[in-house]
Amino acid sequence: MTHSLAILRPDDWHLHLRDGAMLNAVLPETARHFARAIIMPNLIPPVVTAADAAAYRDRIMAALPEGAAFEPLMTLYLTEQTDPADLRAAVESGLVKAVKLYPAGATTNSHGGVRDFDRVRGVLETMADLGTPLCIHGEVTTPEVDIFDREAVFIDTVLDPLRRATPGLRVVMEHITTAQGVAYARAGTDLAATITTHHLVINRNHILVGGIKPHYYCLPVAKREEHRLALREAATSGEATFFLGTDSAPHTDALKEHACGCAGCFTATNTMSILAHVFEEDGALDRLEAFTSLNGPAFYRLPTNTDRITLVKGDAVTYPSKIDTGDGTVTVFDPGFPLHWTVK
Ligand code: OTD
Ligand code: ZN
Ligand code: ZN
């Protein structure tokens, strides 16, 4: 039995850090284990220009605990007004590593997202030219489509036509939640997919059976068990297509435990413990490093980290059930099983 595992330091390829008091509270949770993270731009107002991204990066660096080494990888929120020249300069200077596409209304703070894809054609062509990944929240938002079908319908009606129309565009399917997402990602070129920690652990029963569990509600919403198993198989396969994007998305308990509760699971604190458990359960501990530390930098054409973390297995470890922020408490994701792996 393995009791200790050293892997290259992980990165998080999809993270929400927010701003202000919340940023100060959640950033140390990620910086403790992760070297870098792709920082989501869905602030209010969103990060849309290179100047916005530079200012946000400065606020993140200022919020880092003394002595912590962490590199925020900045993104721009794609709108129908995004200027290809501003984007090009931001990428060429090294500031911006990806562009984020939210279909309008798909998730928290996404009303400024894209409605008409013809209006962003120039930006997409610039990105194909630069090799800059487009990170896509892949759900249709048309009210007629059932919320559990939104990802599969998006793949057929939006993602596939978009990729065909822009040859060379490099795409990350963010936080995939379905077997269809796994199959589509696997079959494509210039295509990768992130998988969250929580979608490897919960299915839709966890949200709805025995009383509604607001802390398990996120978008895309967790699907049937067969889809969770498809995600487990993909994540633990070691295949270069799949890598970790926690989508750790803090909201205060007051806003989660609410008549119209916010979407998002906060997993920054215990992600590495949960992933070690999941990979061990599936007999794939030797492929954890590919998922958390190798496949992401390879797709983003960035060097891998050079230092290592050591995971050790022992008595059950406990994490705080909540963290305090200046805005109120945030509940840490409860995987529903005891955790025995910890980062030394
Ligand atoms: N999903 N919550 C949030 C974003 C994500 O789709 C996402 O990336 C958030 O709160 O920003 C969530 O459930
Ligand atoms: Zn999303
Ligand atoms: Zn997200």
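Listed conditions (1) buried (at least 16 other Cβ atoms within 10 Å of the Cβ); (2) more than 12 Å from ligand 3 (Cβ to nearest atom); (3) under 16 Å from residue 48 (Cβ atoms) are all met by residue 117, apart from (3). Candidates 183, 192: the one that is more than 13 Å from ligand 2 (Cβ to nearest atom), surrounded by fewer than 20 Cβ atoms within 10 Å (Cβ to Cβ) and within 17 Å of residue 236 (Cβ to Cβ) is 183. Looking at (1) among the β-branched types (Val, Ile, Thr); (2) under 29 Å from residue 293 (Cβ atoms); (3) modelled with pLDDT of 95 or more, can you tell me which one residue 108 breaks? For residue 108, the exception is condition (3). Taken residue by residue, the range 64-72 has no member that is more than 16 Å from ligand 2 (Cβ to nearest atom), of a type in the set (A, V, I, L, M, F, W, C), surrounded by fewer than 18 Cβ atoms within 10 Å (Cβ to Cβ) and under 24 Å from residue 176 (Cα atoms).
Going by the structure shown, is residue 31 surrounded by 19 or more Cβ atoms within 10 Å (Cβ to Cβ), more than 16 Å from ligand 2 (Cβ to nearest atom) and of a type in the set (Gly, Ala, Ser)?
yes
For the range 1-103, the helices (runs of 4 or more DSSP H) that sit wholly inside it and include 1 or more residues that are basic (Lys, Arg) are 50-63, 84-92.
Cβ separations smaller than 6 Å between residues 6+ apart or across chains give the following pairs from the range 161-180 residues that are in contact (Cβ under 8 Å) with a residue 40 or more places away in the chain and closer than 12 Å to residue 227 by Cβ to residues that are within 16 Å of ligand 3 (Cβ to nearest atom) and outside any loop (DSSP other than H, G, I, E, B): 176/193; 177/151; 177/199; 178/151. Sub-6 Å Cβ pairs linking a first residue in the range 1-24 that is farther than 14 Å from residue 276 by Cβ to a second residue that is hydroxyl-bearing (Ser, Thr, Tyr) and more than 12 Å from ligand 1 (Cβ to nearest atom), at least 6 apart or interchain, are 8/293; 8/304; 21/325; 22/325, ordered by first then second residue. Which one of these does residue 126 not meet: (1) of a type in the set (Ser, Thr, Tyr); (2) within 14 Å of the chain's Cα centre (by Cα); (3) not in a loop (DSSP other than H, G, I, E, B)? Only one criterion is unmet by residue 126, namely (2).
The values are calculated or read from the model by the stated rules, or taken from the named source; none is laboratory data. Quantities reported herein were computed from a predicted structural model and do not represent experimental measurements. Neighbour counts are summed over all protein chains in view; Cβ atoms, including those assigned to glycine, are modelled from backbone coordinates with ideal geometry.
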